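In what follows, a structure is listed as structure tokens, so that the remarks can point back to it.
The values are calculated or read from the model by the stated rules, or taken from the named source; none is laboratory data. Predicted, not measured: the structure shown is a model, and the values here were computed from it. Reconstructed Cβ throughout: ideal geometry from the backbone, glycine too, with neighbour counts over all protein chains shown.
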Amino acid sequence: MRSHFEMNATLQFSGEITTEAQAALKKLIEDSNRVHFWKGVPKGVTDPAEIGQITGIPQFGKNSVDLSFSSGPYTRVHDALFRFRKQVAPVMGRHRLGLRGIEVNGYRITVSGDFPEGFHSPRLPFIRESSLEDGTLTLVLDVSESDLENKIPDRLVRLVEEKVQAATYGGKGEHWDLVFESGKKPRYSDADPTAEMVKRGWIKHSSARGQWIHGPQSVQLFRAFEKIVLDEIIGPMGFSEMIFPKLVPWDVWKRSGHAKGVYPEIYYVCTPKTRDPSFWEDIGDYFKVTGEVWVEEIKKRIDGPIGGLCYAQCPPFWPFLQGETLANDCLPARIFDRSGTSHRYESGGIHGIERVDEFHRIEVLWLGTAEQTVQIADDLHEAYRHVFEDILELEWRCARVTPWFMAQEGMIDTGEPGQECGCGARIGTMDYEAFLPYSSNWLEFQNVSINGDKYPKGFSVKIQSGADCWSGCSGIGLERWTAAFLAQKGLDIENWPSGVAEIVGELNELFKFL
């Protein structure tokens, strides 16, 4: 895509611009167009239309000058303005004039390219007008000098390019490469496991959306899976347990990158404006009289949101290392967290226990040099293969995928195809899927991601040796494991593999309903 920038700006000075000062400014404009604006431009670029330039004739007022700027992708007009501002101070200082301020009178961006059908420009307060005609998007901006210093135009162009890429990126199937498939395994059920668990009283819907109450039998299976993970993966691979926060403030999501687009799927957290009981007394009185919670009035008495409930489990870990330099001899670091629930407002709809708003997960996280991070991912793949093949005896497959957040940040698969479960993608995700006999579909129930320097860079984490710090993560979702396992093996324990049945033992049929 090609971008063009136009801007009109007024420079205000501390006194009257004399004829001599006007001549000096005109000379500075010529020098800037010829020399200053060309610094840093690639040598192969020779067309002045591609470079920031001051165009037209400067219009002088008593204490000001109006300038018009135009540029292509190099030395964009706001960069040209600030380079010119830097040169103005010494030149006008000789005439006893100081620059008092800059007013942006107009700013226009045009972006030309192949826009997908239905594309619309971002709806942001900086954009006063927008139009898309014949493959050209025009944005008229309302920006200040500080907005330009904050690179708002550059970020808007990048945002437009990302939106175009996202719209044309395609579905998961276009970025899904099969690596290994186990082949058919014994199946003992063709029923939806969630419906069967409800029928037998193992689980019940809670009052909240996408939330289940798990009875003793369901929890026994959860704990069995946890033990298998601890005994076969976490223990042998040397992972240490930590506890990550489950309330995530905005600063964490800004650094982790989730603030780019997590908003439709998070549960927001707000705080009361005050704890003064008198401030809330009428809220309680309203409930006592009506039996209803006065939600509309509560909205007026809370601040925030300050962030949200845990969405992706690993980001709130990273402030533990933020700004630190890690000693070589403590790497690679292997940790895991199993301390609480994660929450996602599933915009695509909830279904059963496998697609819920509240779920339970063991988050496995590791970091070190690039080589260490990849090696641990390879070892983790082998450990999962052993568990799925030899203990759970699942019918499963794994595939290399490129999540959108990695594609848009240039973090794409750069490796050669791996062998069986080997991690072919050096940066990217391997998804594990289990076959669901009742629907003849595949359920993603596990993944392993190598995230490169995404998190260490976002949280300013370095390594003593100077090597780049990389990280990886793998979320073990207990609901997904349960859905995959019961869909194939059913709820009758005599049909379960011995490695699971022996850990579960006799099912605790605590409740009997009349």
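Laid out as a table, the results:
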quantity	calculated
Given (1) touching a Lys or Arg at 6+ places or on another chain (Cβ under 7 Å); (2) in a loop (DSSP other than H, G, I, E, B), index of the condition residue 274 fails	(1)
Residue under evaluation residue 353, criteria (1) part of a strand (DSSP E or B); (2) in contact with a Pro (Cβ under 8 Å, 6 or more places away or on another chain); (3) touching a residue at least 40 places away in the same chain (Cβ under 8 Å), criterion not met	(1)
Selected residue [touching a Gly at 6+ places or on another chain (Cβ under 7 Å) and outside any helix (DSSP H, G or I)] from 397, 361	361
First in the stretch 368-383 and more than 15 Å from residue 432 (Cβ to Cβ), second anywhere and assigned to a helix (DSSP H, G or I) and β-branched (Val, Ile, Thr), Cβ under 8 Å, 6 or more apart	368/376
Cβ-Cβ under 9 Å pairs, at least 6 apart or on other chains, the stretch 73-86 side without any contact (Cβ under 8 Å) to a residue 12 or more places away in the chain and assigned by TED's automatic domain parsing to the domain that holds residue 154, far side in a helix (DSSP H, G or I) and surrounded by fewer than 23 Cβ atoms within 10 Å (Cβ to Cβ)	86/36
Verdict on residue 260 being exposed (fewer than 11 other Cβ atoms within 10 Å of the Cβ) and of a type in the set (D, E, K, R)	no
Candidates 225, 244, filtered to the one that is in contact with a Gly (Cβ under 9 Å, 6 or more places away or on another chain) and at pLDDT 95 or above	244
Residue within the stretch 24-35 that is on the phi > 0 side of the Ramachandran plot and surrounded by fewer than 16 Cβ atoms within 10 Å (Cβ to Cβ) present	no
Residues of the stretch 1-13 classified as modelled with pLDDT under 95 and either farther than 30 Å from residue 132 by Cβ or among the aromatic types (Phe, Trp, Tyr) (or both), total	0
Helices (runs of 4 or more DSSP H) (entirely within the stretch 89-203) containing at least 1 residues that are under 28 Å from the mean Cα position of the chain (by Cα) and exposed (fewer than 15 other Cβ atoms within 10 Å of the Cβ)	145-149, 152-169
Extreme residue, surrounded by the fewest Cβ atoms within 10 Å (Cβ to Cβ), among residues of the stretch 230-252 that are among the aliphatic types (A, V, I, L, M) and touching a residue at least 12 places away in the same chain (Cβ under 8 Å)	243
First in the stretch 38-58 and more than 15 Å from residue 81 (Cα to Cα) and without any contact (Cβ under 8 Å) to a residue 40 or more places away in the chain, second anywhere and acidic (Asp, Glu) and surrounded by 13 or more Cβ atoms within 10 Å (Cβ to Cβ), Cβ under 9 Å, 6 or more apart	41/50
Close pairs from the stretch 201-213: first without any contact (Cβ under 8 Å) to a residue 60 or more places away in the chain, partner part of a loop (DSSP other than H, G, I, E, B), Cβ under 7 Å, at least 6 apart	213/206
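For every residue, the table says whether it meets (1) touching a helix residue (DSSP H, G or I) at 6+ places or on another chain (Cβ under 9 Å); (2) under 21 Å from residue 32 (Cα atoms); (3) among the hydroxyl-bearing types (Ser, Thr, Tyr).
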site	(1), (2), (3)
52	yes, yes, no
60	yes, yes, no
69	yes, yes, no
80	yes, yes, no
84	yes, yes, no
99	yes, yes, no
115	yes, no, no
126	yes, no, no
131	no, no, yes
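Residue by residue, here is whether (1) under 30 Å from residue 158 (Cα atoms); (2) at pLDDT 95 or above holds:
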| residue | (1), (2) |
| --- | --- |
| 377 | no, yes |
| 386 | no, yes |
| 416 | yes, no |
| 427 | yes, no |
| 437 | no, yes |
| 446 | no, yes |
| 455 | yes, yes |
